[in-house]
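We did not get these values from a lab; they are worked out from the coordinates using the rules stated. Because the structure is a prediction, the values reported are computed rather than measured. Positions of Cβ are backbone-derived with ideal geometry, glycine not excepted, and every protein chain shown enters the neighbour counts.
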Amino acid sequence: MALVSGCGFTPLHGPDATLNNVNVQEKLEGIQIAKLPHREGLILRNHLLDKLNPSGEPLSPEMILDLDLKLEKEITSLRRDGTSQRYNITATVDIYLSKAPNAIKNNIHKKQRLYEDAITRITSFSIGRSAQEPGYPGTVAQRDAIARALKLVADDVHLMLASYFKKWGDNKESLTFSNEPTHHIPLDNQSSHAH
């Protein structure tokens, strides 16, 4: 089997992923991931820690990653008796990448926003019988769908940040913002906020 070289593609991260004198993996490892509330926020943050900070969280981070996570459940299928049978879980995440305060010279009271974007992922789950929905099987099915959505979101965040550093390196002009994002997870007609 012959190996094909010179295909025109370069890795987004890894030892050979450099552009504009910037090592993408080093940049990713220099990101501190802001804490998220609730069980779902912890799951998402742990996925991102595995991807961005595999060697541990940075002691002197260059950048801060803030996330605004929203989860919604929607009925997509009904049984003949009118009870709910299938649901979609929609995970929406707004991402905000900013310079860490210790990395900003003469601008310690404002955050320098480097990059922001939004991600939406949808997963689904079914309930076998109407009696199972409020019980253990329904709870397990919903948690599994949420976990799958959060894993997909984490994969997308990782790819988007790697692509950002691969394209712009350190040369993109940053914007200055002073407002902090709000973390909230509305689900099952319940919402909570953390500032």
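Net charge near N53: determine it from the other residues with C-beta under 15 Å of the C-beta of N53, scoring Lys and Arg +1 and Asp and Glu -1.
Every neighbour counted, the sum reads -1.
I need the phi-derived Karplus couplings for the range 112-123: 6.51 cos²θ - 1.76 cosθ + 1.60, θ = phi - 60°, integer Hz, Gly and Pro marked x.
Running phi through 6.51 cos²θ - 1.76 cosθ + 1.60 with θ = phi - 60° gives 8, 6, 9, 7, 8, 6, 9, 10, 10, 10, 10, 10 Hz.
Determine the gain in length on full extension of the stretch S126-T92; use 0.36 nm per residue of separation and subtract their C-alpha separation, reporting nm with one decimal.
My answer for the length gained is 10.2 nm.
For the ranges 75-83, 24-32, what's the packing order if you count other beta-carbon atoms within 10 Å of each residue, average per peptide, and put the highest first?
Ranked by mean Cβ neighbours within 10 Å, highest first: 24-32, 75-83.
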